[in-house]
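Trainee: Handing you this structure, nothing more for now.
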Amino acid sequence: MNLSFALLIILFVLMVSIGGKRGLKSFFSLFFNFIFLFIMLFLMALNIDPIKVTIVTCVLITIVTLFYINGFNKKTISAALSVIIVILITMFITYKIGSDAKIQGFSIEELEEISYLSVDMHLEFTKIFTCQVLIGLLCAIIDVAISISSAMNEIYKNTEAITRENLVRSGFNIGRDVIGTMTNTLLFAFIGGFIPLCIYFTSLNYSIGEILNKKIFCSEVFQILCGGIGIVLIIPVTVLITAKLLSIEFSKVYSLKKLK
């Protein structure tokens, strides 16, 4: 049996046995998201604007991940809106920084490959860098957004006479607890892929200073920092949007109390 297929079966069994129906939905959402990513890469190869393709892909992945798994409700709506807003903000920030800093993620070791790709594929590597950041950031901010909106929704449902101000304060407290772990998750995710290259540089007897000044290392650092910006932004955006959506319920409850 193919090793990849065997690992896929193990993953499926574990997700279904532990997560039940929700785990089964999560497994199929992985399948759908993989298809979206594959289509995204195919469209990029056809010289369609990478940023536009990536934004559409991020929206589709967000919809599948949130609404297919968690259903259509206020907490998923607020989480989805928050993710889309933060993706757009992060895209503008990352593209601006990448353009100004000439970040492309390649150094002299890849010079031959760059010339081939630049001539034959006509890729703008600053846009590709932006797409890398957005895709790497996406699942992290989806996780933070649904965690905050779900917790705020539970607080609202299980706390009598809670004010909007107290709900917002609780949302920010939840976000502060999440921010440290998620930024570290992003850091280790990017750095984990950089370890083989660090070993390669070390085998070539590069000094620490040479490694730190390599363009590809700078690219990794920029991805971490831009991703961290997205992680931080998702907290206030989700808190405010969730509070706004739940405030509709606040007004309904207040009106009923006045009628009584």
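The values are calculated or read from the model by the stated rules, or taken from the named source; none is laboratory data. Note that this is a predicted model, so its numbers are computed, not measured. Neighbour counts are summed over all protein chains in view; Cβ atoms, including those assigned to glycine, are modelled from backbone coordinates with ideal geometry. Areas reflect the complete protein model, heavy atoms only, side chains present, ligands, DNA and RNA absent. Shrake-Rupley method; radii C 1.70, N 1.55, O 1.52, S 1.80 Å.
Trainee: Just order 70-82, 2-14 by mean Cβ neighbour count inside 10 Å, highest at the front, would you? It would help to have the intermediate numbers written out before the result.
Mentor: Values: 70-82: 20.1, 2-14: 10.5.
Descending packing order for the listed peptides: 70-82, 2-14.
Trainee: Ok, one more. State the percentage of accessible surface on the range 10-84 attributable to carbon and sulfur atoms; use a 1.4 Å probe and exclude ligands, DNA and RNA. Working shown, then result.
Mentor: Values: 3410 of 4180 Å².
Taking all protein chains in place, the range 10-84 shows 81 percent carbon and sulfur surface.
Trainee: Sticking with this one: Give me the distance in nm between label points sitting 7 Å out from Cα along the Cα-to-Cβ direction at residue 191 and residue 45, one decimal.
Mentor: The two pseudo-label positions are separated by 3.4 nm.
Trainee: Another question, then. For residue 34 and residue 52 in one chain, what is 0.36 nm times their gap in residues minus the Cα-Cα distance, to one decimal in nm?
Mentor: Values: separation 18, 0.36 × 18 = 6.48 nm, distance 1.81 nm.
Result: 4.7 nm gained on full extension.
Trainee: Label residue 89 and residue 206 with points 7 Å out from Cα along Cα→Cβ: what is the distance between them in nm?
Mentor: About 3.4 nm, to one decimal.
Trainee: With label points built 7 Å along Cα→Cβ from the Cα atoms of residue 14 and residue 73, find their separation and express it in nm.
Mentor: Distance between the two pseudo-spin positions: 2.8 nm.
Trainee: Residue by residue, what Karplus-based ³J(HN,Hα) values in Hz, rounded to whole numbers, does the range 54-63 have, using 6.51, -1.76 and 1.60 with θ = phi - 60° and x for Gly and Pro?
Mentor: With coefficients 6.51, -1.76 and 1.60, one gets 5, 4, 4, 4, 4, 5, 5, 4, 4, 4 Hz.
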